[in-house]
Structures are given as C-alpha cells and as structure tokens.
Amino acid sequence: MARRPPTTDGSVGLLARADLTAQRSPRDTSTREGLLVIAVAGLVFTLLAVIFQMSRLEWGGLIGAGAALLFSALLPFVAVARRRNERAHPRGYGRRLAVAGSWAALVAGVGGFLWRSDLIEIAAPAWLTTLAALVAVVPMAGLGLSLVRASR
Amino acid sequence: MTLALARRSLDDTVHSPVRFCLMAALNSVDSADYQTVKEALDVSYTLLSKHVVLLEQAGYVRVRKDFVGRTPHTILALTRQGRSAFRTHLAALDEIVTGLT
C-alpha cells in the first residue's frame, strides 16, 4: 500500500506517526523488572569471573562449585520475580534480550574454551578474565538499565 | 489507492473503538501487561477480556498467562499478523481522511 508523503505543513499520516511513536520507550516500564535484569547480569558476571579464574585460585574447585551452586539457587528466583514484574516492553525488547543472552553464552563458551578446557595454553590474568566476564553481561545490563531509565 | 479501495481495506476486527485503541497500544510496544493496558484504555476487565479474546481468535494478539500466587499476570502482544493488519488499517484510514482531494 503506497504511503503518502508528509504534507507541506510538516504533519504526517497515521501510519508514519505510529512508526515514529513505536521508536520511543513506553512510559509504563517497570523499574523493578529493570533492576532484576541487572541482577541476572550481575549473577552471570560473578559466575563467569569465578569460573574463568578457577584454575589459578587456591581452593579454586571449591570456590567455583560454590559460585555455581549460588548461581543455580538464585537464578530461578530472580527469573521468576522478573516475569512477575513485567509491564510494558519497548519495541524490539524481546529480540534484544535474546541477543544479549546469546552473547553472554557465546562469551562464556569462548572463555571456557580458552581458560578452562586445557586444550590450549593461554595466559589468564585476572584483569583479562574479569574483563571478558564483564563484556559478556554488558548488553544484558544495558537492557535492564534502559528499562529503569524509561520508567523514570 | 482509491477511496473505495481504502474503504474495502478497513478491517472490521480492528475497527471497533476498544480493539483499535488496544491494537494501537500494543503496536507501540513489544508487549504489555493486562493491567497497564486496562488503565491506559480506561475500560473494565470484562470489556477488555472480551475484545482480547476476539483479537486472539483472529490471530492478531498473543496472550501469555502467568500466576503471581493465585492472581493471574497476563501479558499481551501483537502477533506479526496483527501488526500487519493494524498497519493496513492505518494506511486505509490515512487514505480515507484525504477524502476527494
């Protein structure tokens, strides 16, 4: 269906206005949901940072197991709470959340291969593995932050 | 597009005031919870439910129900088909308001 060009007085048609409106964040996002998304990112960051450094830590196995246990225990509660606090999501939110989750999984896989698989010998300074863990969760934390910002 | 063609492009399922507002609200977001939509439209639960069911049956709206304790927490979102139908309807309205000019 052909779309009319904007009129000379600068006003645009309904369809164009609907498209423009959809680019804005809705008013009714949930601060709590945003904070819970950031909490999930925090949990993933902690787990990855510990796991990437496990082999270099004294009692690394125990600390790694503790971190994994804590992660497994807390994640379901945070995920359920996030779902319960869902309100309006801006356009493209679901796709961005899926991309952020896939990105975290990809970095976890690459980091695990580099620093945990023993298939290759590569230096694992704490700053580098922590940075990798941070890079893994930045998109997810950003998404949570965008929900918090939009709600204010 | 002619006025007659635009008239025929209007979708009866979308055209009711409540359904049109509901679809406009959902078109502006990825998804929204039932309570937010209800407050934005200022309609009763019963009326909103009735229209949501009609749009769901037409394949325009997807409904996801969770429970917070015993209270349902319902999330509404437009389907791809729903977004397309809404856009077609808006384009037809755009054409119609130009009248005979």
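Of note:
- Residues that are under 29 Å from B:ALA77 (Cα atoms), of a type outside the set (Val, Ile, Thr) and surrounded by 13 or more Cβ atoms within 10 Å (Cβ to Cβ), drawn from the range A:95-129: A:ARG96, A:LEU97, A:ALA100, A:GLY101, A:TRP103, A:ALA104
- Between A:ALA124, A:ALA81, the distinction of being within 14 Å of chain B (Cβ to nearest Cβ) and either in contact with a Leu (Cβ under 6 Å, 6 or more places away or on another chain) or not in a helix (DSSP H, G or I) (or both) belongs to A:ALA81 only.
- Complete set of residues in the range B:60-101 that are small (Gly, Ala, Ser), surrounded by 14 or more Cβ atoms within 10 Å (Cβ to Cβ), at the interface with another protein chain (Cβ under 10 Å from one of its Cβ atoms) and over 17 Å from B:ARG8 (Cβ atoms): B:ALA77
- Test for A:ALA65: is it of a type in the set (A, V, I, L, M, F, W, C), under 24 Å from A:GLY144 (Cα atoms) and part of a helix (DSSP H, G or I): no
- Restricting the range B:29-57 to residues that are in a helix (DSSP H, G or I) and of a type in the set (D, E, K, R), the residue that is farthest from the other protein chains (Cβ to nearest Cβ) is B:LYS50.
- Looking across the range B:1-19 at every residue that is under 25 Å from B:PRO72 (Cβ atoms) and without any contact (Cβ under 8 Å) to a residue 40 or more places away in the chain, the one that is nearest to the other protein chains (Cβ to nearest Cβ) is identified as B:ARG19.
- Scanning the range A:19-38 for residues that are surrounded by 16 or more Cβ atoms within 10 Å (Cβ to Cβ) and hydrophobic (A, V, I, L, M, F, W, C) yields A:ALA22, A:LEU35, A:LEU36, A:VAL37, A:ILE38.
- Members of the range B:1-28 found to be outside any loop (DSSP other than H, G, I, E, B) and under 23 Å from A:PRO90 (Cβ atoms), listed by number: B:VAL14, B:ARG19, B:PHE20, B:CYS21, B:LEU22, B:MET23, B:ALA24, B:ALA25, B:LEU26, B:ASN27
- The condition (being closer than 30 Å to B:VAL63 by Cα, surrounded by 12 or more Cβ atoms within 10 Å (Cβ to Cβ) and within 19 Å of the chain's Cα centre (by Cα)) is satisfied by just one residue among A:ALA68, A:ALA41: A:ALA41.
- All conditions in (1) under 27 Å from B:ARG62 (Cα atoms); (2) at pLDDT below 95 hold for A:TRP115, with the sole exception of (1).
- Test for B:MET1: is it surrounded by 14 or more Cβ atoms within 10 Å (Cβ to Cβ) and touching a Phe, Trp or Tyr at 6+ places or on another chain (Cβ under 6 Å): no
- Looking across the range B:22-57 at every residue that is polar (S, T, N, Q) and touching a residue at least 40 places away in the same chain (Cβ under 8 Å), the one that is surrounded by the most Cβ atoms within 10 Å (Cβ to Cβ) is identified as B:SER31.
- Within the range A:18-32, considering residues that are at the interface with chain B (Cβ under 10 Å from one of its Cβ atoms) and modelled with pLDDT of 85 or more, the one farthest from the chain's Cα centre (by Cα): A:ALA18
- Checking each residue of the range B:63-71 against the condition of being in a strand (DSSP E or B), over 11 Å from the mean Cα position of the chain (by Cα) and touching a residue at least 12 places away in the same chain (Cβ under 8 Å) gives at least one match.
The values are calculated or read from the model by the stated rules, or taken from the named source; none is laboratory data. Source: prediction; values computed, not measured. Ideal geometry is used to build each Cβ from the backbone, glycine not excepted, and the neighbour counts take in all protein chains shown.
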